[in-house]
Amino acid sequence: MKETSNTYARLSKPSQKAIETMGFEELSPIQEQSIPLLIEGRDMIGQAQTGTGKTAAFCLPLLERMNHDDKNLQAMILCPTRELSVQVAEELGRLGRYYKNLTVLPVYGGAPMDRQIRALKNKVQVVVGTPGRVMDHMRRKTLKLDTVSYFVLDEADEMFAMGFRDDMATVIEALPDRVQKVFFSATMAEPIRAFASKYLQDPEYVKMAHKALTVPKVEQIYFELKEYMKTEILSRLLDIYNPKLTIVFCNTKKKVDELTAEMVAKGYNADSLHGDLKQSQRDTVMRKFKRGTVDILVATDVAARGLDVDDVDLVINYDMPQDEEYYVHRIGRTARAGREGIAFSFIAGKDIYKLRDIQRYTKTRLEKKELPTLEDMQQHTREKIVGQIKNMLEEEDLKEPLVDLLIAENHNSYDIACAILRMYKETVRASSHTQIDAVDDPNYREPRREKPARKERKGSRQDRGRFERLFMNAGKDKGISQRHIVGTITDKADVKAGAIGKIEIYPNASYIDIRDKEVERVLNAMKGQKVKGIPVVIDRAKPKRRK
């Protein structure tokens, strides 16, 4: 810590060491106000947004108050989602790394029940879980709360919105008579206040000022554009800023899948996260994103709460959120751990009214910028090339026999450099993800699909010559989507996404149009392969029988 605060000084050495190891320079306002009260054993209601440090605000007092020699269950933390349960458990583990033998278990639906039962039988000191799975264990008597002395209800407003009121009451009423209880919520509507007053004893109320809702180090920018321009502008922003990790938010699961497939087809390393994915699938996606194997995460608001990734440089609101609070949660995914970040918002049509509401709610004005143009792209490319050349000239001992050979043939060095640069620029242009004409032309309109002049007979060259239909023996029932098929075929068969045409996915089968000259390559490469981890067989589709 730059300056040791009174609150920090009250923490034990293991907690202080963990905080310093994690790189925090100072306690956040919610931590400064909450930790002393909770160490004293007071019940508390905390009103604070995600990203303000509230997890540490209730985890550090827990570590201070618990008996680390007692292996029985001492604390229960209730969270609305699986993702948040895992995040809180991981955060508690990091904060408690210098306490001996701290045992923390996240319990949530979608994970194997038998594995959780075995862990509970071996005894854990802290359980972090979702209401449904916690109640399952209570009914099975694999989780008993009679030794709990510290209870936290995290994201209370989200719990109410998800219909967990009765479940929360069931868990709280199963606790011993005198348990320290802590409620955290981003908002404090009357039903939440009434619920808290029923179960908390003389609670302290800690509220963060409204100005703490936004993340001060996030540069917030918006673009006004047409709906059809969004994917192209997204591509340009990614190419210009070249972020390490990016989260793109959409409002629907359908749009997430569609956009992910588009980005994969353009050559970007993207994956999706939304509520229809199984827990194992979510975990796999998040592992890839944290490791940088996937650098663009396309997500619904299920990812706005509970994501704990420090290196997100860019957040893009592809769709504007329906609720002002979700805007705050979304942009809070960048500029974490003291870093700076950028949040872009796409404003199409009536979104301008949502923008006004968000600016009123956050008391922040977003900066409007012009859409990135072809000239911006060219300037970016020029600066990148010049920068690379300067670095090479300054840092490397440059010797190239081919250049010596050209000079020996009486070509001057200037002409040689120009020729090499032209070759490099053509390579960059050919590999560009973006379409450089569509958005820059003020008269451009979204293209319509042209109808064929006449219907060709079956079997004609026009109908079947360019693409051939393949059959795959797996579909929606296995969770397979367009992006999985496109990603696997382009990777395993080493073909471009443009070689893949229409894809139709049914419950137990999928049909894929492949450019005729690439069919054999795809069939050979996909023998014995898996799509989304599922073994599949791909073969030529049988022609439909005439009736």
query: Of the beta bridges DSSP finds with both residues in the chain, what % are antiparallel, to the nearest 5?
result: 25 percent
- prompt: Hey, which aspartates and glutamates would be in cross-link range of residue 141, C-alpha to C-alpha under 12 Å, not counting anything within fewer than 8 residues on its own chain?
  reply: none
field: Protein-only accessible surface order, largest first, of 469, 65, 333 at 1.4 Å
entry: 65, 469, 333
field: Solvent-accessible area, 1.4 Å probe, carbon plus sulfur percent, for the chain
entry: 47 percent
task: Once you've got the Cα coordinates, tell me which of 217/350; 476/496; 17/181; 496/532; 217/369 are over 22 Å apart.
output: 217/350; 476/496; 17/181
- line: Spelling it out for residue 529: with amide H atoms placed in the peptide plane at 1.01 Å from N, the residues 5 or more places away or on another chain with amide H under 5 Å from its amide H are 536
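Under a point-charge model restricted to the Cβ atoms of Lys and Arg (+1) and Asp and Glu (-1), what is the dipole moment magnitude of region 464-547 relative to its Cα centre, in debye to the nearest 20? The partial results should precede the final answer.
Numbers: 21 positive and 10 negative charges, 87 e Å.
With Lys and Arg at +1 and Asp and Glu at -1, about 420 debye.
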message: Whole-Hz ³J(HN,Hα) for each residue in region 340-346, computed from phi via Karplus 6.51 cos²θ - 1.76 cosθ + 1.60 with θ = phi - 60°, x for glycine and proline: what do you get?
response: 9, x, 10, 10, 9, 10, 9
message: Compute the angle between helix 253-265 and the longest alpha-carbon principal axis of the chain, please, reported from 0 to 90 degrees and rounded to the nearest 10.
response: 40 degrees
field: Relative contact order, percent, the chain [alpha-carbon distance under 8 Å, six or more residues apart]
entry: 12 percent
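Any idea what diffusion coefficient the chain gets from Stokes-Einstein, in µm²/s, Kirkwood Rh on alpha carbon pairs, 10 °C, 1.306 mPa s? Don't skip to the answer; put the middle values down first.
Values: Rh = 27.0 Å.
Answer from the Stokes-Einstein relation: 59 µm²/s.
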- request: Using packing as a proxy for protection, rank 383-393, 91-101 so that the peptide with the highest average count of other Cβ atoms within 10 Å comes first.
  value: 91-101, 383-393
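Could you give the accessible area per residue of the chain, probe 1.4 Å, as a whole number in Å²?
Details: 29940 Å² over 547 residues.
That works out to 55 Å² for each residue.
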query: Using modelled amide H (1.01 Å from N, peptide plane; none on Pro or chain starts), what sits under 5 Å from the amide H of residue 77, excluding residues fewer than 5 places away?
result: 127, 128, 129, 152
message: Could you compute how much accessible surface residue 491 exposes when probed at 1.4 Å, giving the result in Å² to the nearest 10?
response: 100 Å²
query: Accessible area of residue 380, 1.4 Å probe, to the nearest 10 Å²?
result: 50 Å²
task: Might you work out the accessible area of residue 400 for me, using a 1.4 Å probe with all protein chains in place, and round it to the nearest 10 Å²?
output: 90 Å²
message: Order 267-274, 189-196, 55-62 from most to least packed using the mean count of other Cβ atoms within 10 Å.
response: 55-62, 267-274, 189-196
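For region 243-317, rounded, prolate or oblate, judged on the Cα gyration tensor with a ≥ b ≥ c (square roots of eigenvalues), a/c < 1.5 rounded, else prolate if a/b > b/c?
Working: a/c = 1.26, a/b = 1.04, b/c = 1.21.
Taking the square roots of the gyration eigenvalues as a ≥ b ≥ c, region 243-317 is rounded.
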- prompt: Taking only Cα atoms, what is the 0 to 90° angle, nearest 10, from helix 131-140's long axis to the longest principal axis of the chain?
  reply: 60 degrees
task: Step through the residues of region 71-76 one at a time and calculate ³J(HN,Hα) from phi using the Karplus curve (6.51 cos²θ - 1.76 cosθ + 1.60, θ = phi - 60°), rounding each to whole Hz and writing x for Gly and Pro.
output: 8, 6, 5, 10, 9, 10
Segments 137-147, 289-299 sorted - mean Cβ within 10 Å per residue, highest first: 289-299, 137-147
field: Under 5 Å, built H, 5+ apart or other chain: amide partners of residue 298
entry: 248, 271, 272, 273
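The values are calculated or read from the model by the stated rules, or taken from the named source; none is laboratory data. Small disclaimer: the values here were computed from a predicted structure and weren't measured. Methodologically, a virtual Cβ is constructed for each residue, glycine included, from the backbone with ideal geometry; neighbour enumeration extends over all protein chains shown. For accessibility, only protein heavy atoms count, side chains too; no ligands or nucleic acids. Shrake-Rupley method; radii C 1.70, N 1.55, O 1.52, S 1.80 Å.
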